[in-house]
Every structure is written in C-alpha cells, then in structure tokens.
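Have a look at the structure below, then the notes.
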Amino acid sequence: MITTLRERIPFINSWLLAGVFFSIPLTVAPAYWLSALILIFWLVEGRYAEKLRALAAEPLVWLFAAYYAVFALSLLWTEDLDWGRRMTGRQGFFLLFALYFSVARREHFGRYVSAFLLSVACCEALAFYNWAQLHVWPDLPDGIRVEKGADDTAPFVDRMMYTPALALAGYLAGHRLLFEARTAGVRMLYAVLLLSTTLNLLIAGGRAGLLGFLVLLALLVFQRFARRPLLAAALAGVLSLGIVAGGYAGNDYFRERVDAGIDELVNYQDRPNTSIGLRIVYASNAWRMFSESPWLGVGIGDYLVEYTKVNAIHTPQWEPMYNPHNQYLYALTNAGIPAGVLVLAVLLFPLVRRGPADGRQRIRKALPVLFIPICLFESYLMRSNLSMMYVLFLAALWCGVKERPA
C-alpha cells in the first residue's frame, strides 16, 4: 500500500499545485498550507537523488536561491533583526520555486492555467457585483470586498496586487483564444473572459496593472502577427488607445483616476502624500540612500529607519515608507549592487533564455514582460501573491524543458 501511495504522489502533488495556482488572486494563506502539504508528500515520495539532480541542473533554482540569499545576508548589517526577518520572509516564494519546479508536471500545464483562470473569473464576478453595489444599486447586500479602500472592488486583495494578476489572466485568455482554441464555443468562452478581464481592469483602478495589461496585449498582437510587424504595431496601438479611451469616456471612476494621476504627476510638489507624488519622492529619497551605501545597502531591516532620516532632511512634508514602491530601488537600497544585479537577472534571464518551440514559448516571454515595467511602480517581487505568481508560472513553464543549443 505504501508503494502504491508513493506511485500516486506525483499526481496528488500536481493537483495540489493546481490549488496553489488557484490561490493567486485570493488570500495567500491557502497557498502556504498547500505548499506545506506538497512538501510532506515530496518527502514521503523519496527518490531524493533523482529529484535533487534535476533541481541542480535547473539554473532558475540557483538564481532564485541567490536572490533570496542576498537579502538574507543583509541581515548581517541590519540592526532591527525582527523587522529584517519579516521582510526577508517576503522573498520566501523564491525558495519555494525549487519545490514547485520539482513537482510540476509538464503535461499538466493546461490544468494549472485553467485553475488560475477559473479563480480569476470567480474574483471578477464578485468584483462586478461589488462595483454594481457601489455605483448602481447601493441597496444591494454588501459583497465580498477587500477592506483597503472605499472604491476597491476586488474581493480578496487590493488593486495593487489584483490588477497585475488580471493582466496575466487577460493575456492567457487571449493566448488560448488566438493559439489554442479549436472550436467556436471555446473561442467564445475565452473571448468573454478576455472582455470581462479588460472591463474588470477598468473598474479596479490599478494603474500599474492596466499598464501591464496593455503591454501584454501589445505583445500578444505581435506574437499573433509575427510576420507582419507593421500591422501588429497598428493593431496594438488601436486596441490600447481604444481601451483607455473607452474606459475614460464610459467609467467615472477610471476617468477620475486618470485625471488625478495626471494632476499628481504635473503638480506633485504641491500634492503631498498623493499616490504618484509619493512614488516620485520615494524614488528620489531611495536613490539618495543607495548613493550613500551602494555596495551593501542599508540592510533589509533598517530601510524604514534610514529612509525616515533622509526624508526628514529632504522632504519632511511627505510621509516616510518602508518600501520605495520600485522593485529595482528596493533591491539596491536594501542589499546594494549585488541585489540590483540579481533582480535584473531574475527578470531578464527568463526573457532571454532559449527554450523549445512547444507552444508555450510565447507565455515564457509574457511573464517577465509583465513584471519588468510594473516593477517600476511597486516592489512586486516582495508582494506575496505576485511573487508567488511569478515563481509558480516559471516553475510550470520550465519544468521538463530541454533547452535548445545556442
């Protein structure tokens, strides 16, 4: 019976991994419990030498472990160790990459994507209800809604984390629509999901997520019309402008967010503690911090203390923050140039890495293409749900892949 159980563990773990994919747009707690269960089954299964050899041969395992390690090492020059350990834990999914890569099954990739898209579709339905309750029928019973902002419609996480997940879901729905669907009914299903995701992005209010979606939409068009780049450029431009113009004309909340963003950008010095103004100030002060400690950074636990000092000197009318809202500056300020190099490697290596033309090569490019621009506006690789999304999809996309020779 034990032998039979061990033989079934790879299939059990693959289903559990699909459950982790389902958790991406939800609260992150179920993902931790599922990951713990996956690890227990992984240990029970045995075959350690075989599995460890496969992990040692995968460069992303080493790259992600190094990325985690550079922040952990910065604890050596951190004074606030309690906060430092807490912030180091935010990089924990990069260590879990090895586990996910080990249990992911190449033939089940469609299952993982479907689990993610199903979860996003459920969240979108709840978000549409929340929007209707907020703006159309206020007498409706309160729905499931994250308690972060009065205008948030997302059910479980705020728009900062919700909309990048929507952006990837929109791309994956479009990819299935253009490259995978074989019947009219299936095409209609993914067309509806793509439209629903686009509308959800417009009512959610997350500007970085919408930007990421427009970048992915352009990428998808160029992938579809790879041999006709001029047509692809024109079509991508028309679609992007159409979505933004349509949202601006047809949605008061979207229009308010756009107008406020432009006003905050142009007049940020006169708009203390506004969203875009804060990001500009965070970036300028973070760069001052990096300039003072370029090689080792301030230590991952001491960012807020050091930032508060710099903020008091240069921008005292602005509120201090533990995070510069920029992944690149987050790495540089906390752990110096080595961390800056590693964050670039984490994002760029999957983009330039060669892989087989197996139908998934387009999606392998999409994930870093999403994160590279949005990481300018938030430290997304230390945000639990989205670092999990990045790690999970790369594990599933590269498991069992033999790289093409150069």
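The values are calculated or read from the model by the stated rules, or taken from the named source; none is laboratory data. These numbers were taken from a predicted model, which means no experiment stands behind them. All Cβ positions, glycine included, derive from the backbone under ideal geometry; neighbour counts span all protein chains shown.
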Counted residues in the stretch 366-383 being in a helix (DSSP H, G or I), within 23 Å of Asn334 (Cβ to Cβ) and over 9 Å from the mean Cα position of the chain (by Cα) come to 4
Evaluation of Pro272 against (1) modelled with pLDDT of 90 or more; (2) in a loop (DSSP other than H, G, I, E, B) (one fails), failing number: (1)
Any idea which of Ile38, Ile24 is outside any helix (DSSP H, G or I) and crowded, with 16+ Cβ neighbours inside 10 Å? Ile24
Among (1) exposed (fewer than 14 other Cβ atoms within 10 Å of the Cβ); (2) within 19 Å of Phe377 (Cβ to Cβ), Gly247 falls short only on (1)
Kindly list the number of the only condition in (1) over 21 Å from Thr27 (Cα atoms); (2) surrounded by fewer than 19 Cβ atoms within 10 Å (Cβ to Cβ); (3) of a type in the set (Ser, Thr, Tyr) that fails for Ser114. (1)
Search the stretch 364-400 for residues being within 14 Å of Val28 (Cβ to Cβ) and aliphatic (A, V, I, L, M), and hand back the single one that is surrounded by the most Cβ atoms within 10 Å (Cβ to Cβ). Leu386
Condition check for Gln133: surrounded by fewer than 23 Cβ atoms within 10 Å (Cβ to Cβ), part of a helix (DSSP H, G or I) and among the polar types (S, T, N, Q): yes
Name the pairs whose Cβ atoms lie under 6 Å apart, with the first residue in the stretch 349-373 and more than 17 Å from Tyr67 (Cβ to Cβ), the second acidic (Asp, Glu) and modelled with pLDDT of 95 or more, and 6 or more positions between them or separate chains? none
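So in the stretch 339-363, with the set limited to residues that are within 17 Å of Tyr171 (Cβ to Cβ) and of a type outside the set (Lys, Arg), which one is surrounded by the most Cβ atoms within 10 Å (Cβ to Cβ)?
Restricting to residues being within 17 Å of Tyr171 (Cβ to Cβ) and of a type outside the set (Lys, Arg), the top hit is Pro350.
Within the stretch 41-53, work out how many residues are loosely packed, with under 15 Cβ neighbours inside 10 Å, part of a helix (DSSP H, G or I) and of a type outside the set (Ser, Thr, Tyr).
Start the filter on the stretch 41-53 by keeping residues that are loosely packed, with under 15 Cβ neighbours inside 10 Å, which leaves 43-44, 46-50, 52-53.
In the following step, the residues that additionally are part of a helix (DSSP H, G or I) were identified as 43-44, 48-50, 52-53.
Narrowing further to those that are of a type outside the set (Ser, Thr, Tyr): 43-44, 49-50, 52-53.
Residues in the stretch 41-53 being loosely packed, with under 15 Cβ neighbours inside 10 Å, part of a helix (DSSP H, G or I) and of a type outside the set (Ser, Thr, Tyr): 6 in total.
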From the option list Ile262, Ile280, single residue qualifying as β-branched (Val, Ile, Thr), assigned to a helix (DSSP H, G or I) and within 17 Å of Glu319 (Cα to Cα) is Ile280
Step by step: first the residues of the stretch 1-42, then only those that are among the β-branched types (Val, Ile, Thr) and free of Cβ contacts under 8 Å to residues at least 60 places away in the same chain, then the one that is farthest from Gly400 (Cα to Cα). Which residue is that? Ile2
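Scan the stretch 228-239 and give yes if some residue there is under 17 Å from Thr163 (Cβ atoms) and either at pLDDT below 90 or of a type outside the set (Ser, Thr, Tyr) (or both), otherwise no. Write out each step before concluding.
Start the filter on the stretch 228-239 by keeping residues that are under 17 Å from Thr163 (Cβ atoms), which leaves none.
No, the stretch 228-239 has no match at all.
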In the stretch 1-13, residue modelled with the highest pLDDT [restricted to those that are surrounded by fewer than 18 Cβ atoms within 10 Å (Cβ to Cβ) and among the polar types (S, T, N, Q)]: Thr4
Quick check on the stretch 153-163. Is at least one of its residues more than 22 Å from Tyr190 (Cα to Cα), outside any loop (DSSP other than H, G, I, E, B), touching a helix residue (DSSP H, G or I) at 6+ places or on another chain (Cβ under 7 Å) and basic (Lys, Arg)? yes
